[in-house]
1. Within the bounds of the stretch 121-129, is there any residue that is at pLDDT 95 or above, over 19 Å from Ile19 (Cβ atoms), surrounded by fewer than 16 Cβ atoms within 10 Å (Cβ to Cβ) and among the basic types (Lys, Arg)?
2. For the subset of the stretch 1-21 comprising residues that are of a type in the set (Gly, Ala, Ser) and under 23 Å from Gly139 (Cβ atoms), which member is nearest to the chain's Cα centre (by Cα)?
3. Which residues, taken from the stretch 6-49, are among the polar types (S, T, N, Q) and in contact with a Phe, Trp or Tyr (Cβ under 6 Å, 6 or more places away or on another chain)?
4. Only one of these conditions is not met by Gln244: (1) crowded, with 21+ Cβ neighbours inside 10 Å; (2) under 29 Å from Ala122 (Cβ atoms). Which number is it?
5. Just to be sure before I move on: is Ile177 farther than 24 Å from Arg39 by Cα and buried (at least 23 other Cβ atoms within 10 Å of the Cβ) in the structure I sent?
6. Mind listing whichever residues of the stretch 95-118 are within 19 Å of the chain's Cα centre (by Cα) and not aliphatic (A, V, I, L, M)?
7. Say we look at the stretch 116-154 and pick out the residues that are touching a Ser or Thr at 6+ places or on another chain (Cβ under 8 Å) and assigned to a strand (DSSP E or B); which of these is nearest to the ligand (Cβ to nearest atom)?
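The values are calculated or read from the model by the stated rules, or taken from the named source; none is laboratory data. The structure displayed is predicted, hence computed values, not measured ones. Methodologically, a virtual Cβ is constructed for each residue, glycine included, from the backbone with ideal geometry; neighbour enumeration extends over all protein chains shown.
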Amino acid sequence: MFATMQGRTAIVTGANRGIGRGIAARFSAAGMNVLVAARSQADAERAAREIGGSCSGVAADVTDPKSMQAMATSALERYGAIDVLCANAGIFPRARVDEMTASDFDAMTDVNLKGTFLSVQACLPAMKAQRQGRIVIIGSITGTTGGYPGYAHYGASKAGQLGFMRCTAIELAPWRITVNAVLPGNVRTEHQSDEKSAYQEKKLRMSALRRLATVDDIANGALFLASHEAGAITGHALIVDGGQSLPESPSAVDEAWAAAGSA
Ligand code: NDP
């Protein structure tokens, strides 16, 4: 049913671990050439080697314009094209708004928002020359469908990504470059704390499907938005969260599951 992705080239930022690594692995399994971009060259190379297939690693800091340009040049030199950019790199240190410093705020927006802009901008010359491209931004439900204490700067950066997405989706449409986002809910990754795991158990009970999205779920959403079949979709934010952000109150989920006889 789906056209092959074999031989297409993707760059994934922040791909040495977590969701980015899962996306790189999913793209690779679909037959794509994948440039695994990470802050450290050693981490990038290790992840690329472990993923296998037609993958290679490159050192790339999304806050540095020169580094982003070098990343795009590496993709062109190694694979001859940039068909897909997945702007995934992100940070989420917590700070209450009354204690947050200006540098906390700047650090968050530098990586999550400016980093999205710089990675997209670096890939545009190649995508425009090809007159096609797929940009997939990894956002979050935080700041876009709801909020959480301690994440005002994170939520602002994630909401900002969607404003950026909508404007670039229009601006780049004449080149048949689509710009979309995947908005994950809470996703278990390999590096999370026990505190976060306990929190996720609670969230799971409150999610409509009573399951949280996995790294693979997010990767599948990204792969779909990167596919030929998603060619008429642009400026869209795809929520992948097991229905975590759906209920209007926690009792909505309990009631639905109790009525189904499986509470
Ligand atoms: P991780 O902390 O596991 O991974 C983050 C990745 O981003 C790492 O590879 C990290 O590199 C990289 N990174 C950080 N700063 C930079 C930078 N300046 N330049 C390049 N790369 C950088 O996070 P997740 O996998 O959980 O998150 C990935 C994305 O998904 C983020 O955008 C996040 O906001 C989003 N998300 C995650 C959710 C979750 O529950 N996990 C929920 C909703 C959204 P390094 O290893 O060098 O630090």
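1. Checking the stretch 121-129: at least one residue is at pLDDT 95 or above, over 19 Å from Ile19 (Cβ atoms), surrounded by fewer than 16 Cβ atoms within 10 Å (Cβ to Cβ) and among the basic types (Lys, Arg).
2. Taking the stretch 1-21 first, the residues of a type in the set (Gly, Ala, Ser) are 3, 7, 10, 14-15, 18, 20.
Adding the requirement that they be under 23 Å from Gly139 (Cβ atoms) leaves 10, 14-15, 18, 20.
On the way: Ala10: 13, Gly14: 9, Ala15: 10, Gly18: 10, Gly20: 7 Å.
Only one residue tops the list, namely Gly20.
3. Hits for the stretch 6-49 are Thr9, Asn33.
4. (2)
5. Numbers: farther than 24 Å from Arg39 by Cα: yes; buried (at least 23 other Cβ atoms within 10 Å of the Cβ): yes.
Considered against the rule, which asks whether it is farther than 24 Å from Arg39 by Cα and buried (at least 23 other Cβ atoms within 10 Å of the Cβ), Ile177 comes out as yes.
6. Passing the criteria: Thr109, Asp110, Asn112, Lys114, Gly115, Thr116, Phe117.
7. Filtering the stretch 116-154 for residues that are touching a Ser or Thr at 6+ places or on another chain (Cβ under 8 Å) and assigned to a strand (DSSP E or B), the one nearest to the ligand (Cβ to nearest atom) comes out as Ile137.
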